[in-house]
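Scroll down for the structure; my scribbles are underneath it.
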Amino acid sequence: MGYTEEELKKELQTKEYEYGFYTDIESETFPKGLNEEIVSAISKKKGEPNWMTEWRLDAYRSWLKMEEPEWANVSYEKPDFQNISYYSAPKKKNKYKSLDEVDPELLKTFDKLGISIDEQKKLSGVAMDIVVDSVSVATTFRDTLAEKGIIFCSISEAIKNHSDLVKKYIGTIIPAKDNYYAALNSAVFTDGSFCYIPKGVRCPMELSTYFRINQAGTGQFERTLVIADEESYVSYLEGCTAPSRDENQLHAAVVELIAHDNAEIKYSTVQNWFPGDKDGKGGVFNFVTKRGICHKNAKISWTQVETGSAVTWKYPSCILKGDNSIGEFYSIAVTNNFQQADTGTKMIHIGKNTKSTIISKGISAGQSQNSYRGLVQVSPRAQNARNFSQCDSLLMGNKCGAHTFPYIEARNKSAQIEHEATTSKIGEDQIFYCNQRGIDTEKAIALIVNGFSKEVLNKLPMEFAVEAQKLLEITLEGSVG
Amino acid sequence: MELKEKLLNSHLAFEEQSDVNEVVQTQRINSLKVFQEKGFPTKKIEAWKYTSLSSLIKKDYVLFPKNDTQVEFKKIKKYFLPDIETFKIVFINGIYSPFLSDTTHDGLDVCLLSAAFNQSKYNEIIKKYFNKSVIKDESLASLNTAYAREGAYIFIPKNMVSEKPIEIMHFSTGEQKTLWLQPRNLIIVEKNSQVQIIERHQSLVDHDVVTNSVTEIYAHNDALVDYYKIQNDLDSASLIDNTYIDQEKNSHVSVHTFSFGGNLVRNNLNYLHKGEHIMSTLKGLTILKDKQHIDHNTLVNHSKPNCESHQDYKGIFSDQSKGVFNGKIFVHKTAQKTNAFQQSNNILIDDKATINSKPQLEIFADDVKCSHGCTIGQLNEETLFYLRSRGIPRKEAKALLTYAFANNILQSVQINVLKKRINEQIAEKLGVDLGFDL
Amino acid sequence: MLTIENLHATVDGKSILNGVDLDVKSGEVHAIMGPNGSGKSTLSSVIAGNEIYEMTEGNILLNGEEIKDMDAEERAHKGIFMSFQYPVEIPGVSVTNFIKTAINSSRKAQGLSDMLASEMLKKIREKAELLEIDTKFLSRSLNEGFSGGEKKRNEIFQMAMLEPKLSILDETDSGLDIDALKIVANGVNKLRNNNNAVIIITHYQRLLNYISPDFVHVLHDGKIVKSGTKDLAHELEAKGYDWIKDDID
């Protein structure tokens, strides 16, 4: 892989959050606050069928009775849910036939994000769905995909045009009452992506969604639903940015994956929400529920690079229901300054001969707290289940913390489970060795961190891997004094 | 009346018939308040996620057994270490038995906690140590403190090596069908001293006895404490063992826990480091069957630099038995150059056996070497094949390999007769004919 | 090329070097010998700029330029290379990636642009061939799981790639069998020319059978107590270090 020095150098000079610009697009924003009227209004605004409105209201009523979870190893001021606007959309509605119709301001946003839609289209062949604030603004490559029978669109469109599919699957993996944030999301989600790969189809390109919170005082609640029918394959990428703001913004997404018999879903995330400034002010609260189900011989692979957000609470999980199914979780979580991350996975072994692999790399710097929390569960009928977990933590400096909380529950004697965890620091001898070969300390750290994270970086699609590498370095910039 | 209510309501009566050491009394009353507020832990509490006390606390227990039970030594001889001389502190149904005990005040004190509470010459020590190491918001330890009256008191003055091991034995006779015991041990090992202690809880007939025990161990500079817990009780007996260890500079405290019996056993083993160059060793071997349940809950609190801790727990679970390992290594930011290792290896023999493991690391210092590993698996088929190819039948080969898996925990046992005794027990549990001494 | 004047150095307040003087000219090979604890490795670390050691007195000049206040990487950019006695492991970073980063860092410091990938590859192949290194080895993580011999060969390979002016080989012979020793020595000999210089730090003279030094110095209690030609090394081998101790006492 190209180790592009010049690019790195440039990135290293940009100390502040580089995606912290605000795009001046006229937008329509709901008044702040949450009640049944707002929930209904969101549903109405989006022209949803009745069942959907009811489903949302049901979720909202459950949410009212629930309490915000406290068990994670994070502390933050609880968001005031009445002080958030639950709907904010760029005013010109999303009816672009071609890119020429897109608001030029918005296109500039993508340029700044490093996503030139045109370029993407020509060069890498990545199909994109872009969600700004709460609304999907552009989906590329739709026609090419449609030829194969692949549906890739915003979830709002899917609710309208593929109502049966959505109705059949939504909330089946993550029920609306699953947890506090999932219930909230189910009530108020405004957009997100929907993807369906028909039987036997191998999706010819990476599908990608880019999320961005733009408007102040808004929360982003997107909902993603990916269905891979029998013997199909899809690789899905998700990227996130938000402008720098003093107040905390809330992001509570729900992602559901369904991998039918012999299907494979690869889901990669590079999460780079605004982490707050160096004094811990502002930043996104990232409370995300992600879960997938694997039917017979299916495979779900989660790969995540978590560098942003002030607080992250996220456990992409696999329910290995079908025999011979496989779940994988590869994660790099980097925290600096005052960031807090509590992230990991759950591997629920139900079918026979199911396998799971967990590789988690946590890097803590500054005064941040970085926790791995994971569950490996082998149910009584999960004959011959296998799990391998490895959780490595790297500490930089003496004001941060690295924590490992694995839960291992085995109820079948044929289970083979191995869990390993280590904690280490970057050795002074390693840095001196690099220095002696002419590599300065900052770059030496980047090199070592990169090596530390390699097992996970290698799992990312090429386009993302380069971006992820850069993000790691930006995040750790200035972390060693 | 619910057990909690009963325990709260009985306290006044307990205090009235108790001694009047003011320091102890204040601690008791404060601790009762903690228990009153917290009650018995439920599965909602993270540290009790995998262990439920609900079936235990449903029953009605005798809290204050009668005074007059006698047991003949020959009936219990087999529970003591053979062939070597030991100090003995023996309790029958929670009451001290002078007849069976062998205590001393010759240089070191090996005696009763009640005696230490009542005699003014011990006042300073009680004030300095009693309940100081106990984590104050733990409800079961607080419950014990509220009723703390009897148990072992061991004081080894500086520069002394206790030439005999000390056996702390708790027997229950079944005269009270349901019995709730709360022994309290206080062990102080002063600078540059050494002691070996064996602790055992044993019912002589099968009955519902629950022991909620607290042991405090204070190891001063350069002290060496070697502690063995033998948990091989009858089927209906349950044990909640709360042990708190405070270590000072250069001390080494090692605790071996052998858990082969009982209904429900919960071990809360807590280490706190108060000086540099401390070594802590935690070893556990568990072999369970039927519906037995064990929960090892360990905490090593590294708060000073240059210390080491080693944890090694092995478990073998048959039938419907359940094992829980919940180990936490906590490294404060002041504890640079910590080496902390934790290993939990388990074998499930039968389909309905369960293991829940939660090995945790919480690290706040960067220049440390910490690791944990946890495995759940079976015996290696290749090794099995090797043994079988040498003519050993599959069943024996399995037993032999399981024995080998368990046996290596014994390597660090310092008392030879104890090592031999446990080795025999392991062999018996696993159906291995040793044929020769190992 | 390298001039060391009255060098004093301490570690954790303990004094290790007590006034070392040394003058190394282009094209020369110097061997510094001495018993354990004489300060040999400290000397190499101080020249390379390891901050664990505090230089309390004296001066170090490289081609007339004072380098004692420079960071380790600056000294590397000026052409100082140290072959480590215990090369560190960096998991996940390949030998190639590491060497590329090192070379381009030096080039950047000299105001040059990055070396072209094709040029880099050509050079890697050339040097690997010169030192009889299997190129498969270059894609492995730096020193991770390397045998003692592989680590030392990797050090010499990096030396070949970086083309330093002054190379310091710190106990390069330790832990090597005779075949590995020959390969490493051979490599060093191939890299020697009139524009560079080598300092060999060693306890034994066996490496000197394969790399012939122009001068031999004996370090004792942080000072050079005796200097001579190659013969001095033989004499030391025959009589042992006690002979020197007796000699100066």
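The values are calculated or read from the model by the stated rules, or taken from the named source; none is laboratory data. For clarity, every value in this text was computed on a predicted model and none was experimentally measured. Note that each Cβ is placed from the backbone with ideal geometry, even for glycine, and that neighbours are counted across all protein chains shown. What goes into the accessible areas is simple: the full protein's heavy atoms, side chains included, and nothing from ligands, DNA or RNA. Shrake-Rupley method; radii C 1.70, N 1.55, O 1.52, S 1.80 Å.
For the structure I just gave you, tell me whether A:Val137 is modelled with pLDDT under 60, open to solvent by less than 10 Å² (accessible area, probe 1.4 Å), in a strand (DSSP E or B) and under 30 Å from A:Tyr60 (Cβ atoms).
yes
Residue check: is B:Phe341 more than 9 Å from chain A (Cβ to nearest Cβ), more than 21 Å from B:Trp48 (Cα to Cα), among the aromatic types (Phe, Trp, Tyr) and outside any helix (DSSP H, G or I)?
Yes, satisfied.
Determine whether segment C:159-172 contains at least one residue that is of a type in the set (Ser, Thr, Tyr) and out of contact with any strand residue (DSSP E or B) (no Cβ under 6 Å at 6 or more places or on another chain).
Checking segment C:159-172: not a single residue is of a type in the set (Ser, Thr, Tyr) and out of contact with any strand residue (DSSP E or B) (no Cβ under 6 Å at 6 or more places or on another chain).
Would you please name the residue that is surrounded by the most Cβ atoms within 10 Å (Cβ to Cβ), looking only at residues in segment C:194-226 that are over 16 Å from C:Asp246 (Cα atoms) and more than 17 Å from the chain's Cα centre (by Cα)?
C:Gly222
Can you name the strands (runs of 3 or more DSSP E) wholly within segment B:245-304 that have at least 3 residues being of a type in the set (A, V, I, L, M)?
Output list reads B:264-273, B:279-288, B:293-302.
Of the residues A:Lys177, A:Lys148, which single one is out of contact with any strand residue (DSSP E or B) (no Cβ under 8 Å at 6 or more places or on another chain), over 21 Å from A:His260 (Cβ atoms) and surrounded by fewer than 22 Cβ atoms within 10 Å (Cβ to Cβ)?
Sole residue among the options that is out of contact with any strand residue (DSSP E or B) (no Cβ under 8 Å at 6 or more places or on another chain), over 21 Å from A:His260 (Cβ atoms) and surrounded by fewer than 22 Cβ atoms within 10 Å (Cβ to Cβ): A:Lys177.
Residue check: is C:Lys78 surrounded by fewer than 20 Cβ atoms within 10 Å (Cβ to Cβ) and either at the interface with chain A (Cβ under 9 Å from one of its Cβ atoms) or touching a helix residue (DSSP H, G or I) at 6+ places or on another chain (Cβ under 8 Å) (or both)?
no
Report, ordered by the first and then the second residue, all pairs with beta carbons closer than 6 Å, sequence separation of six or more or different chains, a first member in segment B:368-386 that is more than 7 Å from chain A (Cβ to nearest Cβ), and a second member that is modelled with pLDDT under 80.
Once the first residue is more than 7 Å from chain A (Cβ to nearest Cβ) and sits in segment B:368-386, its partners that are modelled with pLDDT under 80 give B:Leu384/B:Ala397.
Restricting segment B:345-361 to residues that are facing another protein chain (nearest Cβ under 7 Å) and over 24 Å from the mean Cα position of the chain (by Cα), which is surrounded by the fewest Cβ atoms within 10 Å (Cβ to Cβ)?
Here the residue is B:Asp350.
Sort out which residues of segment A:437-447 are surrounded by fewer than 22 Cβ atoms within 10 Å (Cβ to Cβ) and within 7 Å of another protein chain (Cβ to nearest Cβ), and write them in order of number.
A:Asp440
Checking C:Thr56 against (1) within 14 Å of another protein chain (Cβ to nearest Cβ); (2) of a type in the set (Ser, Thr, Tyr); (3) part of a strand (DSSP E or B), only one condition comes out false. Which one?
Among (1) within 14 Å of another protein chain (Cβ to nearest Cβ); (2) of a type in the set (Ser, Thr, Tyr); (3) part of a strand (DSSP E or B), C:Thr56 violates only (1).
In a strand (DSSP E or B), in contact with a Phe, Trp or Tyr (Cβ under 9 Å, 6 or more places away or on another chain), free of Cβ contacts under 8 Å to residues at least 60 places away in the same chain and acidic (Asp, Glu): does that describe B:Glu150?
For B:Glu150, the condition - in a strand (DSSP E or B), in contact with a Phe, Trp or Tyr (Cβ under 9 Å, 6 or more places away or on another chain), free of Cβ contacts under 8 Å to residues at least 60 places away in the same chain and acidic (Asp, Glu) - is not met.
State which residue is most open to solvent (accessible area, probe 1.4 Å) when the search covers only segment B:396-411 and only residues that are aliphatic (A, V, I, L, M) and out of contact with any helix residue (DSSP H, G or I) (no Cβ under 7 Å at 6 or more places or on another chain).
B:Ala404
Does segment C:106-124 contain at least one residue that is closer than 19 Å to C:Leu207 by Cα and away from every other protein chain (no Cβ under 12 Å)?
There is no residue in segment C:106-124 that is closer than 19 Å to C:Leu207 by Cα and away from every other protein chain (no Cβ under 12 Å).
Looking at (1) closer than 27 Å to A:Ile319 by Cα; (2) within 12 Å of chain C (Cβ to nearest Cβ); (3) open to solvent by 20 Å² or more (accessible area, probe 1.4 Å), find the lone condition where A:Asp392 falls short.
Unmet for A:Asp392, out of (1) closer than 27 Å to A:Ile319 by Cα; (2) within 12 Å of chain C (Cβ to nearest Cβ); (3) open to solvent by 20 Å² or more (accessible area, probe 1.4 Å): (3).
For residues that are more than 8 Å from every other protein chain (Cβ to nearest Cβ) and either open to solvent by 30 Å² or more (accessible area, probe 1.4 Å) or modelled with pLDDT under 90 (or both), tally how many sit in segment B:326-338.
Qualifying residue count for the region: 5.
Name the residue, out of B:Ile409, B:Ile422, that is closer than 28 Å to A:Phe405 by Cβ, in contact (Cβ under 8 Å) with a residue 40 or more places away in the chain and either out of contact with any Asp or Glu (no Cβ under 8 Å at 6 or more places or on another chain) or not assigned by TED's automatic domain parsing to the domain that holds B:Ser259 (or both).
Within the list B:Ile409, B:Ile422, the selection yields B:Ile409.
Being assigned to a strand (DSSP E or B), modelled with pLDDT under 90 and more than 12 Å from the chain's Cα centre (by Cα) is the filter here, so list the residues in segment A:213-258 that pass it.
A:Thr218, A:Gly219, A:Gln220, A:Asn248, A:Gln249, A:Leu250
When only residues in segment A:406-420 that are surrounded by 24 or more Cβ atoms within 10 Å (Cβ to Cβ) and closer than 22 Å to A:Trp71 by Cα count, which is nearest to the other protein chains (Cβ to nearest Cβ)?
Once the filter is applied, the top-ranked residue is A:Ile408.
Looking at segment A:360-389 only, could you name the residues that are hydroxyl-bearing (Ser, Thr, Tyr), open to solvent by 10 Å² or more (accessible area, probe 1.4 Å) and facing chain B (nearest Cβ under 10 Å)?
A:Tyr372
Determine which single condition C:Leu181 fails, assuming it passes every other condition in (1) touching a helix residue (DSSP H, G or I) at 6+ places or on another chain (Cβ under 8 Å); (2) part of a helix (DSSP H, G or I); (3) surrounded by 22 or more Cβ atoms within 10 Å (Cβ to Cβ).
(3)
Show the residue pairs that are 6+ apart or on different chains and have beta-carbon atoms under 7 Å apart, the first residue being within segment A:32-53 and farther than 21 Å from A:Lys160 by Cα, the second being part of a loop (DSSP other than H, G, I, E, B) and among the aromatic types (Phe, Trp, Tyr).
Between residues of segment A:32-53 that are farther than 21 Å from A:Lys160 by Cα and residues that are part of a loop (DSSP other than H, G, I, E, B) and among the aromatic types (Phe, Trp, Tyr), the close pairs are A:Leu34/A:Tyr86.
Look at C:Glu89 and say whether it is within 13 Å of chain A (Cβ to nearest Cβ) and touching a residue at least 40 places away in the same chain (Cβ under 8 Å).
When the stated conditions are applied, C:Glu89 passes them.
Please verify whether segment C:174-183 includes one or more residues that are in contact with a Phe, Trp or Tyr (Cβ under 8 Å, 6 or more places away or on another chain), farther than 13 Å from C:Phe81 by Cα and modelled with pLDDT under 90.
Yes - at least one qualifying residue is present in segment C:174-183.
Tell me which residues, restricted to segment B:205-244, are of a type in the set (D, E, K, R), farther than 20 Å from B:Lys289 by Cβ and outside any loop (DSSP other than H, G, I, E, B).
Those that are of a type in the set (D, E, K, R), farther than 20 Å from B:Lys289 by Cβ and outside any loop (DSSP other than H, G, I, E, B): B:Glu216, B:Asp226, B:Asp241.
Filter segment B:29-57 for residues that are more than 22 Å from the chain's Cα centre (by Cα) and among the basic types (Lys, Arg); which is least open to solvent (accessible area, probe 1.4 Å)?
For segment B:29-57, the residue satisfying everything is B:Lys38.
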